[in-house]
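The values are calculated or read from the model by the stated rules, or taken from the named source; none is laboratory data. Quick caveat: nothing in here was measured; it's all calculated off a predicted structure. As a convention, Cβ positions derive from the backbone with ideal geometry for all residues, glycine included, and neighbour counts pool all protein chains shown. With ligands, DNA and RNA removed, areas are computed over all heavy atoms of the protein, side chains included. Shrake-Rupley method; radii C 1.70, N 1.55, O 1.52, S 1.80 Å.
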Amino acid sequence: MKWSWKVAKIAGIDVFIHSTFLILIAWIGFSYWITQRSLIAVANGVIFILLLFLIVLMHEFGHSLAAKKFGISTRDITLLPIGGLSRLERMPKVPKHELWVALAGPLVNVVLAAIFFVWLYLTGGLSNITNTTVVEGTLLQRVAYANMILLLFNLIPAFPMDGGRVLRAFLAMRMEYTQATQTAATIGQGFALIFGLVGLLFNPFLIFIAFFVWIGASQESSSVQVKEALSGIPIKRAMLTQFQTLDYNQRLSDAADAILTGYQQEFPVMKGDEMVGILTRSALVKGLAKDGPTANIASAMDKSFVTADANEMLEIVSERLQDCGCHTVPIFDNEQLVGLVTMENIGEFLMIQSAIKRSSNPRAV
Ligand code: ZN
């Protein structure tokens, strides 16, 4: 995720912190300073944040461990102010499994809430619990309070909250997955609107959450739709087959001409029948600035590049394209370069597919 920093690696899973988590820390520190005007209080607040951080992390590991039970590993965990995000290798296909994976996180908070309750009961901290906020009360009281808030937020039935996934899993038991996602996303955005309105009137923090929920809902809905549209389609049907290649011995000025006169931005570089590199637009610009137009293409091209086989599925290749952060993936069939795939042409393919779908289904708008 953008704007995140890696802070640890636990049980083979990279743990990232999102920059907005720092906004939360700043907000808490500021609140302590305003109410108590002492650096000790601010330090106290930092300890509180670290404990909160630990709770969120445990919550995320709840998801990861549940997913592991169904044979799904976790790529990484990102901690956000409203909770965390575990990026699973894939989403569970069976709705019942998704339900368990989604519930496992909040279940950790439920268990913690029970422990805190007993602890507070034994230490006499329950008597004045109603006065507790994130800045007032003993450390234990505040941590117990924050844990409850996290639990409640995560149960809001909207993406990216766990409640949204629980809702989708329930819906997916009764309807098709894409439909379930869309319904859940719409319900989630309804909640976001309510939060936004209530936030405007009472608490600006809710606007912040509304924003997250709105983005989360639309992201989830479009990524599921794209996946569904791309699945089961071989790359052969969507790749560019009319494309230009450049020769290993040509000059950068030839590549510049090719860019100006055609639609292509990146070119496979050939040495005879073999593809030896790819010349990207940025590498061309750099090469031109550094070595001038008479320099050889070979000096500017990228020798390592991600490829795909013509029989692979569009869904897989599109994921590879996103993961490598590259613009073009060359497609091979029996070691012969037969096509190129770019994000734009996958986008065009999706557009055409959806137009065809609309024309064959007059009820859909
Ligand atoms: Zn969660």
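If exposed GluC sites (Glu not before Pro) are those in a DSSP loop with at most 12 other Cβ within 10 Å, what is the longest stretch of the chain that has none? Before the final figure, lay out each step's value.
Numbers: sites that count: E89, E176, E335.
Result, exposed sites excluded: 177-334.
Over all directions, average the projected area of the Cα convex hull of segment 86-162 and note it in nm².
Numbers: hull surface 24.6 nm².
Dividing the Cα hull surface by four gives the mean projection, 6.1 nm².
Along the charge dipole of the chain, pointing to its positive end and built from +1/-1 on Cβ of Lys, Arg, Asp and Glu, which listed residue (G124, S354, N147) has its Cα farthest out?
G124
Can you pull out the trypsin sites (Lys or Arg not before Pro) in segment 1-77 that DSSP calls coil and that have at most 12 other Cβ atoms within 10 Å? Before the final figure, lay out the partial values.
On the way: sites: K2, K6, K9, R37, K68, K69, R75; in loops: K2, R37.
Here the sparse-neighbourhood loop sites are K2, R37.
Projected onto the charge dipole of the chain (+1 at Lys/Arg Cβ, -1 at Asp/Glu Cβ, origin at the Cα centre), which of A169, T20, L112 gives the Cα projection farthest towards the positive end?
L112
Given the -39500 (n - 2.57) contribution per DSSP H run of 4+ residues, what per-residue ellipticity at 222 nm results for the chain, rounded to the nearest 500 deg cm²/dmol?
Details: 12 runs with 211 residues, N = 365.
Value at 222 nm, helices only, nearest 500: -19500 deg cm²/dmol.
Find me the longest stretch of the chain that has none of the exposed chymotrypsin sites (Phe, Trp or Tyr not before Pro), where exposed means in a DSSP loop (not H, G, I, E or B) with at most 13 other Cβ atoms within 10 Å.
Details: sites that count: W3, F202, Y263.
That gives 4-201 as the longest site-free run.
So if I place +1 on the C-beta of Lys and Arg and -1 on the C-beta of Asp and Glu, and nothing else carries charge, what would the dipole magnitude of the chain be about its Cα centre? I want it in debye, nearest 20. Kindly include the intermediate steps, with their values, before the conclusion.
Details: 28 positive and 27 negative charges, 220 e Å.
Dipole of the chain, to the nearest 20 debye: 1060 debye.
Average the reciprocal distances over every distinct pair of alpha-carbons in the chain, invert the result, and give the Kirkwood radius in Å.
Details: mean 1/r = 0.0416 Å⁻¹.
Computed over Cα pairs of the chain, the Kirkwood hydrodynamic radius comes out at 24.1 Å.
Per residue, how large is the accessible surface of the chain? Use a 1.4 angstrom probe and give square angstrom. Display every interim value, and only then the final one.
Details: 20050 Å² over 365 residues.
Heavy-atom accessible area per residue stands at 55 Å².
With a cut-off of at most 15 other beta carbons within 10 Å, and DSSP calling the residue loop, which trypsin sites (Lys or Arg not before Pro) in segment 276-318 qualify? Please list them.
Numbers: sites: R281, K286, K290, K303; in loops: K303.
Sites meeting the loop and neighbour criteria: K303.
According to a simple spin-label model (label point 7 Å from Cα along Cα-to-Cβ), what is the distance in nm between T130 and S282?
For the pair S282/T130, the computed spacing is 5.9 nm.
Based on the Cβ-Cβ distance from W33 to I352, what FRET efficiency comes out when R0 is 45 Å, to the nearest 0.05?
Working: r = 57 Å, r/R0 = 1.28.
That gives a FRET efficiency of 0.20.
Compute the convex hull volume of the Cα atoms of segment 1-89, divide it by the residue count, and report the result per residue in Å³ as a whole number. Numbers along the way, then the final one.
Values: hull volume 7.4 nm³, N = 89.
Dividing the Cα hull volume of segment 1-89 by its residue count gives 83 Å³.
What percent do you get for the relative contact order of segment 244-294 when only Cα pairs under 8 Å and 6+ apart count?
On the way: 55 pairs, mean separation 20.5, N = 51.
Computed over segment 244-294, the figure is 40 percent.
Per 5 Å bin, what percent of the C-alpha pairs of segment 196-335 does each bin hold, from zero upward?
2, 9, 15, 15, 13, 10, 9, 7, 6, 6, 4, 3, 1, 0
Working from Cα positions, state the angle (0 to 90°, nearest 10) between the long axis of helix 314-324 and the longest principal axis of the chain.
With rounding to tens, the tilt is 80 degrees.
How large a share of the accessible area of the chain, in percent, is made up of carbon and sulfur atoms when the probe is 1.4 Å and the other protein chains stay in place?
On the way: 12660 of 20050 Å².
Roughly 63 percent, rounded to a whole number.
Relative to the present Cα-Cα distance, how much length would full extension add between A256 and V118 at 0.36 nm per residue of separation?
On the way: separation 138, 0.36 × 138 = 49.68 nm, distance 7.17 nm.
Length gained between A256 and V118: 42.5 nm.
What trypsin sites (Lys or Arg not before Pro) in segment 154-212 are in a loop by DSSP, with at most 11 other Cβ atoms within 10 Å of the Cβ?
Here the trypsin sites (Lys or Arg not before Pro) that fit, given the DSSP loop and packing criteria, are R174.
Could you work out the relative contact order of the chain? I mean the mean sequence separation of Cα pairs under 8 Å and 6+ apart, divided by the number of residues, in percent.
Working: 530 pairs, mean separation 35.6, N = 365.
Reported relative contact order: 10 percent.
Would you report the distance distribution of C-alpha pairs in segment 154-232 as whole percents per 5 angstrom bin, up to the bin with the largest distance?
With a bin width of 5 Å, the distribution comes to 4, 19, 25, 22, 15, 8, 5, 2, 1, 0.
Quick check: the angle from helix 343-360's long axis to the longest principal axis of the chain, C-alpha only, nearest 10 degrees?
80 degrees
Report, ordered by chain and residue number, the lysines lying within cross-link reach of K9, taken as a straight Cα distance under 25 Å and ignoring same-chain residues fewer than 8 apart.
Of all the lysines, those that pass the test against K9 - Cα under 25 Å, at least 8 places apart if same chain - are K68, K69.
Using only Cα atoms and rounding to the nearest 10 degrees, what angle (0 to 90) does helix 204-230 make with the longest principal axis of the chain?
Computed tilt is about 40 degrees.
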